[in-house]
Amino acid sequence: MVQKTFRNLYEDEKKKPTAAQLFVSRVATLTKRSEVTVRMWISGQQVPDELAKSVIAQEFGADVNSLFPIEYGRK
């Protein structure tokens, strides 16, 4: 059995993806877009096309207009 230090345990935890990272990865895979693109959608720098919006809404059981209101992406 390999023994780890308390610090090693902490470092191992830091390597695990966060819930937010897993969300971005899931949406990227689902929509066949890059994680960078998904992050741009999240930040409002870009807006997903209608097909991507529909796929995302279906996956999360939500209404497209609720997820992406008209003002979404406007600055």
When residue 4 is run through (1) out of contact with any Asp or Glu (no Cβ under 6 Å at 6 or more places or on another chain); (2) assigned to a helix (DSSP H, G or I), the failure sits at (2)
Those residues of the stretch 1-49 which are over 18 Å from residue 68 (Cα atoms) and of a type in the set (S, T, N, Q), in sequence order:
3, 5, 8, 18, 21, 25, 29, 34
Every residue from the stretch 1-13 that is surrounded by 10 or more Cβ atoms within 10 Å (Cβ to Cβ) and of a type in the set (Ser, Thr, Tyr):
10
Tell me yes or no: at least one residue of the stretch 12-21 is among the acidic types (Asp, Glu), on the phi < 0 side of the Ramachandran plot and in a helix (DSSP H, G or I).
yes
Exactly one of 53, 32, 16 is at pLDDT 95 or above and surrounded by 13 or more Cβ atoms within 10 Å (Cβ to Cβ), and that one is 53
Search result, residues across the stretch 35-47 that are outside any loop (DSSP other than H, G, I, E, B), open to solvent by 60 Å² or more (accessible area, probe 1.4 Å) and β-branched (Val, Ile, Thr)
36, 42
Pull up the stretch 56-75, narrow it to residues that are touching a helix residue (DSSP H, G or I) at 6+ places or on another chain (Cβ under 7 Å) and touching a residue at least 24 places away in the same chain (Cβ under 8 Å), then point me to the one that is most open to solvent (accessible area, probe 1.4 Å).
59
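The values are calculated or read from the model by the stated rules, or taken from the named source; none is laboratory data. Bear in mind that the values here come from a model prediction, so they are computed numbers and not experimental data. Positions of Cβ are backbone-derived with ideal geometry, glycine not excepted, and every protein chain shown enters the neighbour counts. Surface areas here come from the heavy atoms of the whole protein model, side chains and all, with no ligands, DNA or RNA. Shrake-Rupley method; radii C 1.70, N 1.55, O 1.52, S 1.80 Å.
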